[in-house]
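Below is one structure; the comments refer to it alone.
The values are calculated or read from the model by the stated rules, or taken from the named source; none is laboratory data. Predicted model only: the values in this text are computed from it and were never measured. Every residue, glycine among them, receives a Cβ derived from its backbone with ideal geometry; neighbour counts consider all protein chains shown.
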Amino acid sequence: MVPVSVARDGSSVQLYALLPELGEGALIAQALPAGGSILELGCGVGRITRQLVRLGYQVTAVDESAEMLAYVQNGATVHARIERLDLGRRFDAAVLASNLINTHASGERRAFLATCRRHADLVVVEGLPLGWRAEETDRQLGTVTSRLRVERIDGQVVYGEVDYVSGPRHWRHPFAMWVFSDADELGAALAEAGLRLDRWLDDEDGRWFVAVPA
């Protein structure tokens, strides 16, 4: 039986297992060579992993939560934290999704990007849109309804929580997210890891982008 637990950051493994695929794999594939090797950092329960595997990619999925990794049924898995990861090999691409680049801890963000750069020259990142302004609204994600609530904004850090409801089940996840004000500020953060912004993959939303060596 797959275990049900809570990850170190408070994320419910059971909740993440319920969230649907949103076409992330096809979007990422626009930037990658067909059939290439991918290092997916912070894979969670493997929602994006399985999409990429179906598209023919060789995925090595990394997460610090053994409970999350227990759900990943395709591709190789590595139980480790992202910050100091060094697998001693290179990949065709590294993927850093789930808004991890928007961590409010600048040292953690630098470490995440350094790990990407250590393993690949092509990096695909999902983050909050530039200048993001949180809107307290409901969103339907498959059988899950999410409601974002903002508690306060301190400079460029937005503090709040997201309530998730699916039938009788309820989860609450607090967050603290750094919002990049513009492309120059994002570029400066990438430059610290020897990267530069190459192009956006979703011009409409401005969430997914490709970074390459500076």
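Among the residues of the range 154-168, write down those that are in contact with a strand residue (DSSP E or B) (Cβ under 7 Å, 6 or more places away or on another chain) and either surrounded by fewer than 14 Cβ atoms within 10 Å (Cβ to Cβ) or closer than 20 Å to Thr103 by Cα (or both).
Gln156, Val157, Val158, Tyr159, Gly160, Glu161, Val162, Asp163
Quick test of your reading of the structure: Gly35 fulfils all but one of (1) at negative phi; (2) of a type outside the set (Asp, Glu); (3) loosely packed, with under 13 Cβ neighbours inside 10 Å; (4) touching a Phe, Trp or Tyr at 6+ places or on another chain (Cβ under 7 Å). Name the failing condition by number.
Result: Gly35 fails condition (1) only.
Does any residue of the range 38-50 turn out to be at pLDDT 95 or above, under 22 Å from Asp202 (Cβ atoms) and out of contact with any strand residue (DSSP E or B) (no Cβ under 7 Å at 6 or more places or on another chain)?
The answer is yes, given that some residue of the range 38-50 is at pLDDT 95 or above, under 22 Å from Asp202 (Cβ atoms) and out of contact with any strand residue (DSSP E or B) (no Cβ under 7 Å at 6 or more places or on another chain).
Restricting to the range 84-94, name every residue that is surrounded by fewer than 14 Cβ atoms within 10 Å (Cβ to Cβ) and at pLDDT 95 or above.
Across the range 84-94, the qualifying residues are Asp86, Gly88, Arg89, Arg90.
Conditions tested, residue by residue: (1) in contact (Cβ under 8 Å) with a residue 40 or more places away in the chain; (2) part of a strand (DSSP E or B); (3) of a type outside the set (Gly, Ala, Ser); (4) surrounded by 13 or more Cβ atoms within 10 Å (Cβ to Cβ).
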residue	(1), (2), (3), (4)
Ser181	yes, no, no, no
Gly187	no, no, no, yes
Leu190	yes, no, yes, yes
Gly206	yes, no, no, yes
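Enumerate the pairs (first residue in the range 60-75 and closer than 14 Å to Glu40 by Cα; second residue anywhere and of a type in the set (S, T, N, Q)) with beta-carbon separation below 7 Å, excluding pairs fewer than 6 apart on the same chain, so at least 6 apart or on different chains.
Every condition considered, the pairs that remain are Ala61/Thr49; Ala61/Thr77; Leu69/Thr77; Val72/Thr49; Asn74/Thr49; Gly75/Thr49; Gly75/Thr60.
Go over the candidates Ala105, Ala111, Ala93 one by one and state the one that is touching a Gly at 6+ places or on another chain (Cβ under 7 Å), at negative phi and assigned by TED's automatic domain parsing to the domain that holds Ala26.
Ala93
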